[in-house]
Amino acid sequence: MRAPEQLRFDGRVVIVTGAGAGLGRAYALLFASRGASVVVNDLGASRHGDGSSKVADTVVNEIIKNGGKAVANYDSVIDGAKIVKTAIDAFGRVDVVVNNAGILRDKSFSKMSETDWDLIHNIHLKAAFKVTQAAWPYFLKQKYGRVIVTSSNSGLYGNFGQANYSSAKMGLVGLASTLAIEGAQKNVHTNVIVPTAASRLTEDILPPDFFEQLKPELIAPVVAWLCHEKCMENGSIIESALGWAGKCHLIRSSGAILRQDLSSNVTPEVVEDKWSAITDMSSAKHFDSIGEVTGQFMEIAQKINSGN
Ligand code: NAD
């Protein structure tokens, strides 16, 4: 059997935010090893977002030592335009943005300060808006672009002490869903990665044996594929860990009609009566678009108009 052709990124310019450590470092090294010119962005903050250091340099040096092309950028992700400018100044274009930088400020909800809330929302959600928006005009003009946003199972399922983080991470899913629609006609694709990996963000919460197996390098190929020009996936949530990947969907029950006809009212008692049908997930389905949801509402309206 013929070996598959290697997926390359020659001539492509890739920005990876928070690439000085953990997942971002693994992404940057893989993209560079496949021919991409990489902007290694990292402020070098602590896991709580304090301080700064030149960790990006270490990754850039590693890439250059391996014969690759990379430059460092030390701006905070909140200064998205400066990071994109680094790509344009150094390499003349930008093709891929991997929004990866992140920090934690875990507190139970009753103790969470507005500062903890704002900081996490800024670094995760607003920064993805800023970096991606600065790259967007280049993507539209060249009719090619790939965007990754990084969510978390904490966002999809919730996690004690992470009201700020989980809400920002779910906000990123909403951002990606709309960018996928706005970019589709111009071959600009946006997908969500939901990683579980060994890093300083997870070192004190996972059992050591399991932690050992969660290598960021096992997730990087999934991100690389999503960013390749051959990959047509758009607007999807892809979860990955341990050398495994899967797609995640929102699903909705088929629900129940709560009134017989146009003249009848919906009361709380009817809702109570129908609750098991409303929440019965046995025939739940996924909707591909807001248009599909509206289409189903139109069918429900017809049923109500005709007395079911
Ligand atoms: P990490 O701490 O190893 O790496 C994050 C990097 O982001 C650090 O090098 C840090 O200096 C950098 N950074 C922080 N604030 C920055 C800023 N303002 N500007 C630029 N760089 C900044 O963490 P990681 O585990 O590799 O996490 C990467 C991403 O994956 C994060 O968005 C995180 O929320 C997400 N995530 C990780 C896991 C996991 O299991 N590790 C799970 C779900 C989501």
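Numbers for the structure displayed
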item	result
Difference of contour (0.36 nm per residue) and Cα-Cα distance, residue 107 to residue 281	59.4 nm
Two-decimal Rg to Rh for the chain - Kirkwood Rh, Cα set	1.05
At R0 = 41 Å, FRET efficiency that the Cβ-Cβ distance of residue 259 and residue 157 yields, to 0.05	0.75
Extension gain (nm, one decimal) between residue 267 and residue 187, 0.36 nm per residue minus Cα-Cα	24.1 nm
Net length gained if the chain between residue 203 and residue 251 were fully extended (0.36 nm per residue, minus Cα distance)	14.1 nm
Antiparallel content of DSSP bridges confined to the chain, in %, to 5	20 percent
Structure-based [θ]222 nm, the chain - -39500 (n - 2.57) summed over DSSP H runs of at least 4, per residue, nearest 500	-12500 deg cm²/dmol
Theoretical FRET efficiency, 1/(1+(r/R0)^6), r = Cβ-Cβ of residue 244 and residue 115, R0 30 Å, to 0.05	0.25
Cα-based Rg / Dmax (Å) for segment 178-306	21.4, 63
For the chain, size of Cβ-based charge dipole, Lys and Arg +1, Asp and Glu -1, in debye	960 debye
Cα convex hull of segment 1-133, projected area averaged across orientations, nm²	9.7 nm²
Overall form of segment 243-308 per C-alpha gyration tensor (a/c, 1.5; a/b vs b/c)	oblate
The chain: angle of helix 22-33 to the longest principal axis, Cα-based, in degrees nearest 10	60 degrees
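Read-outs: derived from the displayed coordinates by stated rules, not from any lab. Quick caveat, the model's predicted, so the values are computed rather than measured. FYI the Cβ positions are ideal-geometry reconstructions off the backbone, even for glycines, and counts take in every protein chain you see.
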